[in-house]
Amino acid sequence: MNYYVGRMLEHTVYRAMSGETILAYLRNNRLKQRAVVLRYHELAEDTEEAEAWTIVKKSDFLRQMEYVSSHFTVLSLREAFDTIHGPQDNREIDKPIVVVTFDDGYERNRTLLLPLIQSLNIPATIFIATKSVQEERLYWDARVINALQGSRPIRIDLEDLSLGVYTIKSANGPDKWMEIDTLISRLKDLDVIQRKIAVERIMEQTGGGGHAGMKAFTPLSLPGLLQLAACPLISLEAHSHCHNILTQIANPEIRDSVRTSKQLLEAWTKKPVTFFAYPNGNYDQRVMNIVKELGFEGSVITKARPWGREEEPFAIPRVGIGRYDSFETFKLKVSSGGIRSLLTAGRN
């Protein structure tokens, strides 16, 4: 099927299923005694050009939070964890639960997210990749996304690294993001050394460019992190120090990165750090075991489905929310606990 036709059909189905009667039915039947953990990365002003699924417009986020505040009980990750995995008699709650989380740690978490959290009076958890804060330097994927912004065509030649040629040429919009994401996904498949070489080659070919007015993906500073930590509605949890895909590195490196992120955050904030987010959502049994050994109580992944008591506490599912999700799509995602999990329900 043609991609564009397929996407149009998909949006038509989502619109048809986004009526409040259907959504209420889904919440009552799929989310009873369960939670939906939402996964964001960063916010941006509505007027800012930023072609990245991971950057949600401020007004869209506000509308989404107003919706969940009306139809769900919004809890912190700690509160939801204790409700779901605690004693049975603590689990009765009138509405399904929503937990709001952000990954990585960017300056916009302070300047845009923090005021919204305070005005809406809802809790949020931010998983912090500590090396970026410590060095005030972006990790490789954010650097590449920034470098590929702007309206000009960009050609990336990685033939000498056996990675092919990539052309970022579409007009701004989700199709351009698909081109950028194709390259990012290919880079994620490389080992750490190969990826570093490829990223530096991209920086050379783009001049580290990007849109001159783009402010997204600015790393969070330590003073900014402390300002977030001072807000009782915000919890800061660990997202590794290196932000590498942990399944691609050796056990000593995993252990050092996970331990360092926990120790730094606890030293900076003077608060316990008890939850972990696997970078890129990648984990296996050895990674999970190391996270357990280092004193965490639970960790989150990127698989989208409702979170119930039957879930492994070190593989808590989350529903990703992105820039190109319509409001209808968002409502269906949050009310079903993940569209894909809804469409595949009963197949196993």
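Bear in mind that the values in this text are calculations on the coordinates, not laboratory data. Computed from a predicted structure; not experimentally measured. No Cβ is skipped: glycine too gets one built from the backbone with ideal geometry, and neighbour counts run over all protein chains shown.
Worth pointing out:
- Net length gained if the chain between E204 and D191 were fully extended (0.36 nm per residue, minus Cα distance): 2.7 nm
- Placing +1 on the Cβ of every Lys and Arg and -1 on the Cβ of every Asp and Glu, with no other charges, gives segment 111-244 a dipole of roughly 240 debye about its Cα centre.
- Residues V334, V300, arranged from fewest to most other Cβ atoms within 10 angstrom of their Cβ, appear as V334, V300.
- Packing, as the average of other Cβ atoms within 10 Å across residues, places the peptides 166-173, 238-245, 66-73 in the order 238-245, 66-73, 166-173, highest first.
- Judged by the gyration tensor of its Cα atoms, with axes a ≥ b ≥ c, segment 123-232 is prolate; a/c meets the 1.5 cut and a/b is the larger of a/b and b/c.
- Cα centroid separation, segment 301-324 to segment 161-189 (Å): 26
- Prolate/oblate/rounded label for segment 143-206 (Cα gyration tensor, a/c 1.5): prolate
- Cα-projected label distance for A250 with R152, points at 7 Å along beta-carbon direction, nm: 4.2
- Per-residue [θ]222 nm for the chain (sum of -39500 (n - 2.57) over DSSP H runs n ≥ 4, rounded to 500): -13000 deg cm²/dmol
- Simple spin-label estimate for N28 and E159 in nanometres, 7 Å along Cα-Cβ: 6.2
- Highest average packing first - 20-32, 111-123, Cβ atoms within 10 Å: 111-123, 20-32
- Considering only alpha-carbon pairs that sit under 8 angstrom and 6 or more positions apart, the relative contact order computed for segment 143-206 is 35 percent.
- Treating r as the C-beta distance of S70 and L226 and R0 as 35 Å, the FRET efficiency rounds to 0.60.
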